[in-house]
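Below: the structure, in structure tokens.
None of the figures in this text is laboratory data; all of them are computed from the coordinates on show. Please read these numbers as outputs of a predicted model, since none were measured by experiment. We place every Cβ from the backbone using ideal geometry, glycine too, and count neighbours over all the protein chains shown.
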């Protein structure tokens, strides 16, 4: 018994010593003091070293797109680091092309700010703002998808239909981490005092916060807008839209823009889902069909009920039935990379040029 107690005491002592060493290392080795961060050669900030470049920028109210919240998996938070970024890490290389590497592009969530650093970002990111909003409405659309309407109060937001914002999920019971996650705007650009988002439950930090903790009346921090995916004022030809699940959000914003501005371009929207239970906002789609030169075509991949008389199969199956070869289409796609890849291939087989296919992967 004495040997067991002695061993337990030794293990406890070693664990305590290791914890002390790690704490000391964090306070000394990880403490880089104050460093100078220069952005675009003309904006200088004095910041505390030791954090990632992404979080350091957020601390200065400079917001960089980051769909994964700084986990190093989305590759969105790219900036040019001309000096002070250190060597390119193995975690960055899979998300950077040879051209990007040659032009000093880095993944900002993977870089630790340890010394004076000089970076370059698009000037439009300085127009990104932070908004303290109030949850005005929460609507359960399906078992896993909620629509949330946020009131910006006296603040207004200007965005293009199709762009996205980042929502901050704070620490909550069972999670001590504060994260940002990206969600496409589903609402009209003509309502600058409100934002509507479609958020599906995935079990992650942010979606757990939204689906299990967030309620009407709560305050939520949002920043944006971001993104190159948006409605294009191009040649006015017919439009193909395709999405699945919450990928409907930017399509909704685009359709609302077309309705608000009485744009009567021929448009067809292919919406992919598994079963009839996964369909939502069908009445809204009917309203657009009445107002616009528009057709809504849901395609169900796993519906076996005889009650369903629509398209059975995935979106490319529906495209083959409705799209004319060689017509001057533009296309707007939103969904998973696998879904988008399959639809892009289908569209190109029907003669839609690559440069007219706009998409947003998530």
Placing each pseudo-label 7 Å from Cα in the direction of the beta carbon, residue 158 and residue 172 end up separated by a distance in nanometres of 3.4 nm
Most exposed first by the Cβ proxy, i.e. fewest other Cβ within 10 Å, how do 66, 73 rank?
73, 66
Restricting to bridges with both residues inside the chain, how much of the DSSP beta-bridge set is antiparallel, in percent to the nearest 5?
60 percent
Viscosity 1.567 mPa s, temperature 4 °C: give me the Stokes-Einstein translational D for the stretch 239-361 in µm²/s, with Rh taken as the Kirkwood radius over C-alpha pairs.
89 µm²/s
Degrees separating the helix 2-27 axis from the principal Cα axis of the chain, which is the longest one
70 degrees
Can you give the Rg to Rh ratio of the stretch 128-226, both from alpha-carbon atoms, with Rh computed by the Kirkwood formula?
0.93
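Which FRET efficiency value, to the nearest 0.05, do you get for residue 140 and residue 120 by plugging their Cβ-Cβ distance into 1/(1 + (r/R0)^6) with R0 = 51 Å?
0.70
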Could you calculate the FRET efficiency of residue 345 with residue 312 from 1/(1 + (r/R0)^6), where r is the beta carbon distance between them and R0 is 25 Å, rounded to 0.05?
0.75
By the Cα gyration tensor axes a ≥ b ≥ c (a/c under 1.5 gives rounded; else a/b larger than b/c gives prolate, otherwise oblate), the shape of the stretch 34-125 is rounded
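With the convex hull built on the Cα atoms of the stretch 169-229, state its orientation-averaged projected area in nm².
Reported value for the Cα convex hull: 4.9 nm².
Could the peptides 272-282, 38-48 be put in order, highest first, of the mean number of other beta-carbon atoms found within 10 Å of their residues?
Final packing ranking: 272-282, 38-48.
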Percentage of interatomic Cα-Cα distances in the chain larger than 27 Å
56 percent
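So for each of 123-132, 185-194 I average, over its residues, the number of other beta carbons within 10 Å; can you give me the resulting order with the highest mean first?
Taking the mean over residues of other Cβ atoms within 10 Å, the ranking is 185-194, 123-132.
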